[in-house]
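Trainee: To start, I am sharing the structure in question, which I have written as structure tokens.
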Amino acid sequence: MSEAPFLQVSGLRSGYEGSTVLHGVDLTVPEGSVVALLGRNGVGKSTLISTIMGLVKPYAGSVLLEGTDVAGHRVDAIARAGVGLVPQGRRMFAPLTVAEHLRLAEDQGRRITGRRAAGSAGAERPWTLARVLDLLPRLGERQRNRGDQLSGGEQQMLAIARALLTNPRLLLLDEPSDGLAPSVVRQVGEVVQDLLTEGLSILLVEQDLRLAFSVADRVAVMDKGRIVLDTTVTDFRSDAARARALLGVG
Ligand SMILES: Nc1ncnc2c1ncn2[C@@H]1O[C@H](COP(=O)(O)OP(=O)(O)OP(=O)(O)O)[C@@H](O)[C@H]1O
């Protein structure tokens, strides 16, 4: 893992229709690392992910991707700059098959990668469908099944596959364990490890602390729209009382 930040967020403020949710967020994701973003419900974690991705417009602050400020840019420009989103809730199209979802994502990926300059983010070794199915073989077996016929774990794998086909170098993963059985959460953890090996940087919003601790290098805790703690997993785990106070968990 290199120490250079892939993502550096500074003083980021954003919200919805004039109501401020993020009150000046500072956060760094070093290249090739996983940062787990923790925090109680409603503190602004998904809003941060959406603002980084360009889905929510910032009021102030910067979002540097390898040193280039993309704050306020359109979502397609941010995808081209190398950011992929695996949204909370997975966002399947119930009537479409796995193969159809993947074909749409491949088309989108081609549009994004086609406009990317040679040698820029994600241009070196694109995520082809074959490469994605190699990483997520279960999807290969389920190609003819519709979105609403998939288990929660399979839907999560499909959401990850769709994001990978846009050739990101930074993946924003919003609560991938949500609603999954413990054995499936472990599989998600293994996929995150594989993605790290493939050279991605990852910002992981997670409520499942076991998953977060098993894959992350650092932990950032958000409260009321600010990062109130940014530390190593080892340090965070060494102070259970502080963790309980920050997260409200037993
Ligand atoms: N699309 C929206 N329009 C208006 N307000 C929103 C919208 N999305 C979220 N909010 C509000 O912004 C605040 C932060 O929500 P957000 O979803 O970012 O928190 P979170 O930490 O991700 O919570 P959770 O863990 O429950 O997903 C909440 O008060 C929420 O009601």
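Every number in this text was worked out from the coordinates using simple rules, so none of it is lab data. Please read all numbers here as calculations on a predicted model, not as lab measurements. Methodologically, a virtual Cβ is constructed for each residue, glycine included, from the backbone with ideal geometry; neighbour enumeration extends over all protein chains shown.
Trainee: Under a 5 Å amide H to amide H cut-off, with H placed in plane at 1.01 Å, what residues pair with Val21 once short-range neighbours are removed?
Mentor: Those qualifying (amide H under 5 Å, at least 5 residues apart or on another chain) are Ser14, Gly15, Tyr16.
Trainee: Which one of Ala130, Ala99, Ala220 has the biggest mean-square fluctuation once the chain is modelled by GNM with Cα springs under 10 Å?
Mentor: Answer for the Gaussian network model of the chain: Ala130.
Trainee: Charges only on Cβ, +1 for Lys and Arg, -1 for Asp and Glu: so what's the dipole of the chain about the Cα centre, in debye to the nearest 20? Show your work: numbers first, answer last.
Mentor: Numbers: 29 positive and 28 negative charges, 109 e Å.
Computed charge dipole of the chain: roughly 520 debye.
Trainee: Given the options Asp134, Asp69, Asp178, state which has the largest fluctuation in a GNM of the chain using a 10 Å cut-off (strictly under) for Cα springs.
Mentor: Judging by the Gaussian network model, the answer is Asp134.
Trainee: Okay, next question. I'd like the trypsin sites (Lys or Arg not before Pro) in the stretch 171-250 restricted to DSSP loop residues with at most 14 other Cβ atoms within 10 Å, sorted by number. Let's see the in-between values first.
Mentor: Details: sites: Arg186, Arg210, Arg218, Lys224, Arg226, Arg237, Arg242, Arg244; in loops: Lys224.
Of the trypsin sites (Lys or Arg not before Pro), the ones in loops of the stretch 171-250 whose Cβ has at most 14 other Cβ atoms within 10 Å are Lys224.
Trainee: Using helices alone, I'd like the mean residue ellipticity at 222 nm for the chain: each DSSP H run of four-plus residues gives -39500 (n - 2.57), total over residue count, nearest 500. Show your work: numbers first, answer last.
Mentor: Details: 10 runs with 93 residues, N = 250.
Rounded to the nearest 500, it is -10500 deg cm²/dmol.
Trainee: Here's something else I'd like to know. Please say if the stretch 47-201 is rounded, prolate or oblate, where rounded means a/c under 1.5 for a ≥ b ≥ c the square roots of the C-alpha gyration tensor eigenvalues, and otherwise the choice is prolate for a/b larger than b/c and oblate otherwise? Numbers along the way, then the final one.
Mentor: On the way: a/c = 1.71, a/b = 1.45, b/c = 1.18.
Prolate, because a/c is 1.5 or more and a/b exceeds b/c.
Trainee: Shifting gears a bit: With point charges of +1 on the Cβ of Lys and Arg and -1 on the Cβ of Asp and Glu, referenced to the Cα centre of the stretch 5-247, which listed residue (Gly199, Leu170, Phe213) lies farthest in the positive direction of the dipole?
Mentor: Leu170
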